[in-house]
Structures are given as structure tokens and as C-alpha cells.
Amino acid sequence: MRKSTSLATALLLTSACLLTVTMSSNAVANDVAELFAVKQFTGANSEVLNYRELTPPKITPDTLYPLVVFLHGAGERGDDNTAQLVHVAKELATPEMRERHPAFVFAPQCPKMQRWVETDWTLNEHSMPEVASTSMGLLISLIEESVKKLPIDPKRIYIVGLSMGGYGTWDLMQRRPDLVAAGIPICGGGDATRGEVLKNIPIWAFHGDQDQAVKVERSRAMIKAIKEAKGHPIYTEYPGVGHNSWTMTAQNRLVWDWLFAQHK
């Protein structure tokens, strides 16, 4: 049985940002990049997924740790295996956060011209593709293999994503509800006909009501569908905020306290 705490709190406003802005790897502070080991996962078909891995500051024998998977937005796609650390991931790497919530963090990078979910972001709705995208399929395999090899608690696997990664967050939760203990989809969208699948997953979604890149109705529809299925998602909608609904979300410690409190 999944448990959900009630740490929801109103967050402050933040500024707008376009979906397609390209962030260079130079924007990633060196001290942040150095904390994340450079990794590469090769799938069964020899396809490759670049990712960065943050480990707990100290690994105690016979102890299992949570895993947070962060999915970046469209602007951080590429093959440098660094740009995906520009947003959100750095908040998980602060000394305070690592002491408060020691965990593994995976930050995979989706190649250019690919998406976590192969759908048009401008649509008012979409159906979950029958087959996962190449990058999503590799990510799922990476998670499954890592649980076998690393001291990861399979009951505490969390998915967080913004924009294109927000779509990926909804997709992973709908595609593999057995795998995810909780999720934070930020300014994304999913298949609103699949609310029943999500009703037992603790979810806290975020969106700005002035978002011009991903319609706020995409998050509203998902929350409505889950509630109609008798689920209890949390939803924070920022009045007056555009596409960047992730900065203040990631900087709010209560959001992370809520996430790490969830387990299957």
C-alpha cells in the first residue's frame, strides 16, 4: 500500500522561460558537475543512454537508499552528458540535501531529435504511445539493472521531470506504476484516460497558469482524471507564472521532504 504525507504547501512565484531555450554545459557549475559521475548505459540492442550518477555521501553496509531519477527538458538534450544538470539536479547535490536525504540520483540525457515521450507538446491531449520511446525504454532498463547492482531501495524509486521531462514523468508512472513510489511532474502532460493507473501513486504536480509552451490544461486534466479515479494527487498551480515552474519548486525543501517520505 502506498503512503502519502500531507506536506503540501503554497510556493512562491517564479519567472517564465521558453521550452526551447538551449542551455550550454558551461551553465553547470564545475563543483556540481564533479559530484555526478559520468556514466553510460548500453541496452540490449546496443543503444546507448548517457547519464550522470550522484551517490550517497556515505554508503553504509546493509542499507538501501532511495533513487531519484531526474528528467530534463527539451533544451538540455544532446550528447555532452552535462547539460542535463543545469536545472533541479543541482538542488539534489547540495551538502544540506545530501545530508538530509542521502540518495542515489540519476540524471539521464536524451539525445537531440529524441524525446522522453514521442508526442507533440502543443497538443491539448495525447494517448500514451504503445511502445516507450528509445530513451524511455533505455531508462527503464537502467533502473531495473541498477536495483540489482546498487544498494537501491526498490520501494523508494522517485521520478521528477520538467517540461519534456514532465511528460516523461507522467509517461513512466503510467507505463510502469509498479516501478515508481512517487512522482513530481512539472509543467508536463500525460494520457488523461489513464487516471486509474495513477490513483495509488503519490503525485505532486506543478504548473504555471501563464505557461505558453505547455498548456496548463495538461496538468489540470491529469489531476482531474486521477481524482475521478479516487486518487489523491497534490497540485500546485502558480498564478501569473509562465513556463519556468521548476526553479522555485526545486528550491523548496518541503517538496523534497514530501518526496522522500513516500514509499510503496
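The values are calculated or read from the model by the stated rules, or taken from the named source; none is laboratory data. It should be emphasised that the depicted structure is a prediction, and the values quoted were computed from it without experimental measurement. Methodologically, a virtual Cβ is constructed for each residue, glycine included, from the backbone with ideal geometry; neighbour enumeration extends over all protein chains shown. Side chains are part of the model used for accessible areas, which takes the heavy atoms of the whole protein and leaves out ligands, DNA and RNA. Shrake-Rupley method; radii C 1.70, N 1.55, O 1.52, S 1.80 Å.
Before moving on, here are some points about what is shown:
- For region 181-192, a tally of residues being touching a helix residue (DSSP H, G or I) at 6+ places or on another chain (Cβ under 7 Å), part of a loop (DSSP other than H, G, I, E, B) and in contact (Cβ under 8 Å) with a residue 60 or more places away in the chain returns 4.
- Residue in region 152-168 that is over 17 Å from VAL68 (Cβ atoms), open to solvent by 10 Å² or more (accessible area, probe 1.4 Å) and of a type in the set (Asp, Glu) present: no
- Unique match (being touching a residue at least 60 places away in the same chain (Cβ under 8 Å), open to solvent by 40 Å² or more (accessible area, probe 1.4 Å) and not in a helix (DSSP H, G or I)) among GLU130, GLU125: GLU125
- Picking from residues in region 228-251 that are in contact with a helix residue (DSSP H, G or I) (Cβ under 8 Å, 6 or more places away or on another chain) and charged (D, E, K, R), the one that is surrounded by the most Cβ atoms within 10 Å (Cβ to Cβ) is GLU237.
- When the criteria are applied in full, LEU259 fails the requirement of being of a type outside the set (Gly, Ala, Ser), in contact (Cβ under 8 Å) with a residue 24 or more places away in the chain and either surrounded by fewer than 23 Cβ atoms within 10 Å (Cβ to Cβ) or touching a helix residue (DSSP H, G or I) at 6+ places or on another chain (Cβ under 6 Å) (or both).
- When region 53-75 is filtered for residues that are without any contact (Cβ under 8 Å) to a residue 60 or more places away in the chain and open to solvent by 10 Å² or more (accessible area, probe 1.4 Å), the ones remaining, listed by number, are GLU53, THR55, PRO57, LYS58, THR60, PRO61, ASP62.
- Qualifying residue in region 188-207 (condition: touching a Gly at 6+ places or on another chain (Cβ under 8 Å), farther than 18 Å from VAL86 by Cα and hydroxyl-bearing (Ser, Thr, Tyr)): no
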